[in-house]
Amino acid sequence: MRLLPIITLSFVSLFSITIYANADILAPSSSMVSSRVDNAPNKINNTSSQLSPSKINDCNKTLNYKVFFEGHDIGHYQRNLIWNGTQATINTYSTINMLITKAKLSQHSKIHWSPQRQSFVTDSFERNIKGLMTGKVSATFTDNGAKSTVIKDGKSHQFSESLLPILDGDAIGAQMRLDIMQGKKNFDFILQNSDDTSHYFFKVIGEETLETNFGKLKTIRVDQIKKSDRQLSLWFAPSVDYQLVRATYKRKLLDLKAVLISKQINCPAPVLIK
């Protein structure tokens, strides 16, 4: 059972693939959007015709999640996203407490929109873990994500891909949210791990209504596929800025869930040109 904190923090790292809606596309035009959601109908509309990277706003986001193991609160996860046009700096902080052990994760990433790829790509990230899984990993990405260099505990490793860009979890989160907003049903990504790369496949299952911290919401469910030994399910709420409001992960002894408990979006007031 001592492995549970390790596996759980690994889930939190995997969770960062999709937990953050990093692309501020179609962000509200008001200067402040609080965590409260009104009771307007939650009809899911197809917004693909309205989307383009040029619509990204200079918005800052803070998302707060709780993580549960078999229904017990074991930690929290916070992400702060600072956008400047088509570039973003993302700061992640997480603490997991399980079986008298504690682990803390902090990660700082930089991503941008690539006109050549027509997708988000990673520039760099740095991850620090303290506690049971103490370690430091940093990575840089070049050639629009075709190559990456990872330094783990002082040792350097190089990777390359020809078909898809190599991405970190933040860039994948941004691209997945955009894919969902554009109405795509299937998508796959190459994730940069600390010592290798992994190919993840996802499929939109359909619409589901959930009870959430923001009331009853219509959501879009996305499942990881091509992995028979586990089940990762993700629910995005269009009426909550297409944010991920719930995620579950089941595998052998694991029964984990993460839920969005609060969010804050700050956007600059529009500049009027006279």
Query raised in the report: Once the Cα gyration tensor of region 143-199 is diagonalised, what are the square roots of 5 times its eigenvalues, in whole Å and ordered largest first, as equivalent ellipsoid semi-axes?
Result: 25, 11, 9
Query raised in the report: Restricting attention to the alpha-carbon atoms of region 162-263, what are Rg (one decimal) and Dmax (integer), both in Å?
Result: 14.0, 44
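Of the heavy-atom accessible surface of region 117-198 (probe 1.4 angstrom), what whole percent is carbon and sulfur?
Details: 1730 of 3680 Å².
Roughly 47 percent of what the probe reaches on region 117-198 is carbon or sulfur.
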**Report entry** Partners for Lys227 among aspartates and glutamates (Cα-Cα distance below 17 Å; same-chain residues under 8 apart left out)
**Finding:** Asp188, Asp255
Report summary line: Of the convex hull drawn through the C-alpha atoms of region 71-190, the volume per residue in Å³ is 130 Å³
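Just to verify a number: FRET efficiency for Leu254 and Ser160, C-beta to C-beta distance, R0 = 35 Å, to 0.05?
Details: r = 32 Å, r/R0 = 0.92.
Efficiency at R0 = 35 Å is approximately 0.60.
With every protein chain left in place, what is the accessible area per residue of region 146-204 in square angstrom, probe 1.4 Å?
Here the per-residue accessible area is 44 Å².
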Report task. Leaving ligands, DNA and RNA out of it, work out the accessible area of Ser198 with a 1.4 Å probe and give it in Å² to the nearest 10. Result -> 30 Å²
Requested in this report: Provide the FRET efficiency to the nearest 0.05 for the Gln231-Asn84 pair, computing r from the beta carbons and using R0 = 35 Å.
Outcome: 0.40
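The values are calculated or read from the model by the stated rules, or taken from the named source; none is laboratory data. All values reported here derive from a predicted model rather than from experimental measurement. Don't worry about glycine lacking a Cβ; one is built from the backbone with ideal geometry, like all the others, and counts go over all protein chains shown. Ligands, DNA and RNA are excluded from the accessible area calculation, which covers all protein heavy atoms including side chains. Shrake-Rupley method; radii C 1.70, N 1.55, O 1.52, S 1.80 Å.
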